[in-house]
Structure formats: structure tokens, C-alpha cells
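Contents: one structure, followed by commentary.
The values are calculated or read from the model by the stated rules, or taken from the named source; none is laboratory data. Because the structure is predicted, anything quoted here is derived from the model rather than measured. Neighbour counts are summed over all protein chains in view; Cβ atoms, including those assigned to glycine, are modelled from backbone coordinates with ideal geometry.
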Amino acid sequence: MKHRVEDVIVTYEVSQSEQCQPLNKLGICLGGDETFFGLPILVLVELASGFIFTEVECENRQYETWCHQLEQWWHPSDWECHFMVSDGARALVKLAIAGLGTVSVADLFHGMRALARPIGSALGRQLAQVEKQLDTLQQQVNQTKPKVKQQTLCVQLETLTQQYQQLEQDQFTYPSRLGRY
């Protein structure tokens, strides 16, 4: 499991490194987000310097609203955006791709969460499957009379119990392990 996670992270890193390389001219790397204190506040920051290009309260957080905010300062002939980091909100992804003509990159939290979901689901399915096998095997142990057969089933039950406990531990610890990368 750990090696699968590491492989996915390395593959993602290589993919993003290739896509996020500057072309010929100098440019900027942006981070966009929406925050809420009443109405949505649209925030677009240059990541290297922390310069805030846009921080404005708007009626909505749709793509068109973001574009209107960009028109005030974004001129493709003056700027090149190498990439835009966001939480993956549809309007922000569309802004990166259609509005800025660049790649949209998931922020670390949301990228790791997207990575963790299938792993957590797989662990949950495995845990449920082993739990069902444990129940079936326990019923067989309870219904078996010959002592020799019962001992064989008990050994299988112990092995399956250890597997179940390992899966429980993996399910509990995998989120913190993902945080190490």
C-alpha cells in the first residue's frame, strides 16, 4: 500500500513538473481561492511574492465573475501564468485553463485528499470482506463438533483475526502516513 502511494505521488510530481515549466518569457505563479465572510471574497495571489492581485467581495463565485476581476489587470501580452494552484473549485479550474491559458494544479490538501479517497475506500472494502469471513469462520467453529477440525478452524480464525487487525491499523494510520510526503 505504502509503495502504491509513493508511486502515485512520484508520478504526480513528474507530471506537474513537466506541465508547469516556464516557456520563453518571465511569468507568474498564482494561487486562487474563495473565502466567505458574508458574500464570497475572491482572492488571487502571486505565490512567489505573496502579492495580492485580486481580493474583492462579489455576489457570486462563478467563472464569469472571476474573469471580470482579471480584466482589470491581466493582459496576456504582459504576463505569462506558469500555473495556478487552487482547491479545485470548478470556476477556479476553468479560470486557470480558459481564462489564464495555463494548467490548474491542486493544492496540497485537496491533492492529498483526492489521493487518499480511493485508498480509504479500498481499505474499507477489504476490512468489510475480512469481517464477513471472520463471522462465517466463527460460525463454523461454533458448529463444528470434532475437536481436530475445530482446532484447524481456530488456527484459520487466528490468522484471519490478525489480518483484520492489520487492516484496522492501516485504515487508522494511512491518513497520517500520507501527510509525510
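Can you tell me which residues in the stretch 127-149 are farther than 26 Å from Asp170 by Cα and either touching an Asp or Glu at 6+ places or on another chain (Cβ under 6 Å) or β-branched (Val, Ile, Thr) (or both)?
Val141, Thr144, Val148
Taking Gly120 as meeting all but one of (1) farther than 30 Å from Leu30 by Cβ; (2) at pLDDT 80 or above; (3) of a type outside the set (Ser, Thr, Tyr), write down the number of the exception.
Evaluating Gly120 over (1) farther than 30 Å from Leu30 by Cβ; (2) at pLDDT 80 or above; (3) of a type outside the set (Ser, Thr, Tyr) leaves (2) as the failure.
Among the numbered conditions (1) buried (at least 16 other Cβ atoms within 10 Å of the Cβ); (2) on the phi > 0 side of the Ramachandran plot, tell me where Gln69 comes up short.
Among (1) buried (at least 16 other Cβ atoms within 10 Å of the Cβ); (2) on the phi > 0 side of the Ramachandran plot, the lone unmet condition for Gln69 is (2).
Could you check Glu80 against (1) modelled with pLDDT under 85; (2) surrounded by 16 or more Cβ atoms within 10 Å (Cβ to Cβ); (3) in contact with a strand residue (DSSP E or B) (Cβ under 6 Å, 6 or more places away or on another chain) and say which number it fails?
Only one criterion in (1) modelled with pLDDT under 85; (2) surrounded by 16 or more Cβ atoms within 10 Å (Cβ to Cβ); (3) in contact with a strand residue (DSSP E or B) (Cβ under 6 Å, 6 or more places away or on another chain) is unmet by Glu80, namely (3).
Name, by its number, the condition in (1) at pLDDT 85 or above; (2) surrounded by 12 or more Cβ atoms within 10 Å (Cβ to Cβ); (3) not assigned by TED's automatic domain parsing to the domain that holds His68 that does not hold for Thr102.
Tallying (1) at pLDDT 85 or above; (2) surrounded by 12 or more Cβ atoms within 10 Å (Cβ to Cβ); (3) not assigned by TED's automatic domain parsing to the domain that holds His68, Thr102 fails exactly one: (3).
Residues Glu34, Glu18, Glu55, Glu13: which one is at pLDDT 85 or above and loosely packed, with under 15 Cβ neighbours inside 10 Å?
Glu55 is the lone residue from the list that is at pLDDT 85 or above and loosely packed, with under 15 Cβ neighbours inside 10 Å.
Let me confirm something: among Gln129, Gln169, Gln140, Gln162, which residue is in contact with a helix residue (DSSP H, G or I) (Cβ under 6 Å, 6 or more places away or on another chain), outside any loop (DSSP other than H, G, I, E, B) and not aliphatic (A, V, I, L, M)?
Within the list Gln129, Gln169, Gln140, Gln162, the selection yields Gln140.
Cβ contacts < 9 Å: first residue among the aliphatic types (A, V, I, L, M), restricted to the stretch 135-155; second residue part of a loop (DSSP other than H, G, I, E, B) and surrounded by 10 or more Cβ atoms within 10 Å (Cβ to Cβ), any location; separation 6+ or different chain. Result?
Close Cβ pairs (under 9 Å, with a partner that is part of a loop (DSSP other than H, G, I, E, B) and surrounded by 10 or more Cβ atoms within 10 Å (Cβ to Cβ)) amount to Leu153/Thr144.
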